[in-house]
1. Using the basic label-point model (7 angstrom from Cα toward the beta carbon), what is the residue 196 to residue 339 distance in nanometres?
2. If I take R0 = 41 Å and measure r between the Cβ atoms of residue 26 and residue 373 in this structure, what FRET efficiency does the formula 1/(1 + (r/R0)^6) give, to the nearest 0.05?
3. Once the piece of chain linking residue 33 and residue 13 is laid out straight, how much longer is it, given 0.36 nm per residue of separation minus the C-alpha distance between them?
4. On a full-extension model of 0.36 nm per residue, what is the gain between residue 42 and residue 348, subtracting their alpha-carbon distance, rounded to one decimal in nm?
5. Given R₀ = 22 Å, what would the calculated FRET efficiency be for residue 393 paired with residue 89, taking r from the Cβ atoms and rounding to 0.05?
6. Let me have the relative contact order for region 184-341, percent, based on Cα pairs under 8 Å that are six or more residues apart.
7. Counting pairwise Cα distances across region 106-175, what percent come out greater than 21 angstrom?
8. Name the residues of region 169-211 whose amide N is less than 20 Å from a point 7 angstrom out from the Cα of residue 235 along the C-beta direction?
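Throughout, read-outs are computed from the coordinates displayed, never taken from laboratory work. Predicted, not measured: the structure shown is a model, and the values here were computed from it. Note: ideal-geometry Cβ built from the backbone for every residue, glycine included; neighbour counts use all protein chains shown.
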Amino acid sequence: MATLQAIKYSRGKLLVLDQLRLPHENHYDEVSTAEEAFDCIRSMRVRGAPAIAIVAALAHAVELHHGGCTATTPEEVISHIESRLDYLKESRPTAVDLSNAIALLKEASKATRIEGLAHPEAKEAILNAYIAKAEKILEEDLHNNTSIGAHGAAWLQQQYNATPDRKISVLTHCNTGSLATSGHGTALGIIRTLHSQNLLQHAYCTETRPYNQGSRLTSYELVFEGIPSTLITDSMAGALFNLHRERMNIGAVIVGADRVVRNGDTANKIGTYALAVLARHHGVKFVVAAPTTSIDLETETGKSIEIEERKREELTQISGAVVNADGTVDTSKTARVAIADQRIGVWNPAFDVTPNELIDAIVTEKGTVVKGADGKFDFSQVLPERWAAVVAKQM
Ligand code: MRU
């Protein structure tokens with residue numbers, strides 16, 4: 001079945017779906033330079049931790065493919081690549097996928113074998129190594145997401161002995177689907193997989209105030225995929241668990257991650273923490289779906305995660321397609337309206353941190369990590385090399 005595609009890429013050309021126009025219009029922007037990628041990410045035309053990293057990596061690949069690097073010596077070429085990547089890193093601070101991708105891209109460029117090559121050939125080799133690595137990041141993300149879907153669905157099936165006659169329902173927050181990744185999605189990928197295995201009774205998605213990624217994007221994806229689903233506001237989750245958990249067999253809250261740190265504390269879209277508290281109170285499992293690209297082993301606890309704060313208008317104003325007097329939606333017309341006294345003070349953190357004690361499982365593409373007898377998450381099995389490097393650094 002066709003799925004939504006946030007990112008369309010072929011060597012030398014990158015098209016990015018403008019998510020600000022969704023769900024009413026499918027418009028792709030061509031993104032060919034680091035500046036265009038920076039703007040696309042900063043303005044949230046693309047969003048979601050993996051998608052941000054992929055767009056940044058590929059935009060610079062397109063730029064390099066079209067002669068965007070005028071440096072000649074290998075040292076200058078590498079320093080050009082590094083400075084463009086450092087610039088892109090500043091586009092949004094909380095999601096770690098971008099920093100992890102940048103580290104890999106720098107490493108690949110530096111490790112290019114150029115011994116004995118003249119400068120033009122050495123330059124070509126470095127640029128090719130960069131482009132190949134950026135393309136690999138795209139390719140691997142899709143593969144990772146389908147693995148996360150399979151691992152997460154298997155773990156939930158086991159927890160609840162779910163069968164086609166006894167399906168489970170889940171709640172998800174924000175958007176973690178095809179639109180936030182290269183395809184399939186992370187948390188939404190698990191929901192997709194449960195549905196394809198005939199184990200999903202119902203998916204609830206939150207509106208995800210203030211930016212409404214849930215109502216604008218996730219509900220669009222759920223409807224597109226024909227998944228039985230219901231939209232609620234963020235504030236309805238407690239009532240949903242209280243009133244309908246048993247009847248609907250609500251087994252889990254499944255969310256994505258912008259950054260999972262070494263002890264398992266997880267930064268994700270604002271509202272995630274409140275859902276984790278509610279889930280624990282009601283005996284609902286709380287599951288984080290995170291590719292290993294979203295894991296930050298360098299940071300010990302969630303206290304050190306930088307949380308992006310966004311502009312006040314996201315709370316005090318809203319825009320959308322115009323609804324005609326007869327109730328039909330005119331997708332050709334949009335309007336921006338004020339929904340609060342414009343003078344009110346506003347606090348608008350884009351993310352919050354859910355402490356590890358409220359998380360039951362972290363599903364990665366390499367398997368599901370649960371807490372050990374010591375109550376701690378241990379990522380040494382899913383990230384052996386990165387884990388060893390961090391341990392070595394501490395000695
Ligand atoms: O501000 P956004 O829309 O980029 O926030 C996105 C989220 O918080 C997602 O849950 C997270 O990035 C995981 S996407 C697979």
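1. For residue 196 paired with residue 339, the spin-label model returns 3.4 nm.
2. Efficiency, rounded to the nearest 0.05: 0.25.
3. Taking residue 33 through residue 13 to full extension adds about 6.2 nm, to one decimal.
4. My answer for the length gained is 108.6 nm.
5. Working: r = 21 Å, r/R0 = 0.94.
Using R0 = 22 Å, I get an efficiency of 0.60.
6. Values: 204 pairs, mean separation 28.0, N = 158.
Once normalised by length, the contact order is 18 percent.
7. For region 106-175, the share of Cα pairs beyond 21 Å comes to 54 percent.
8. Only 172-174, 205-211 pass the distance filter.
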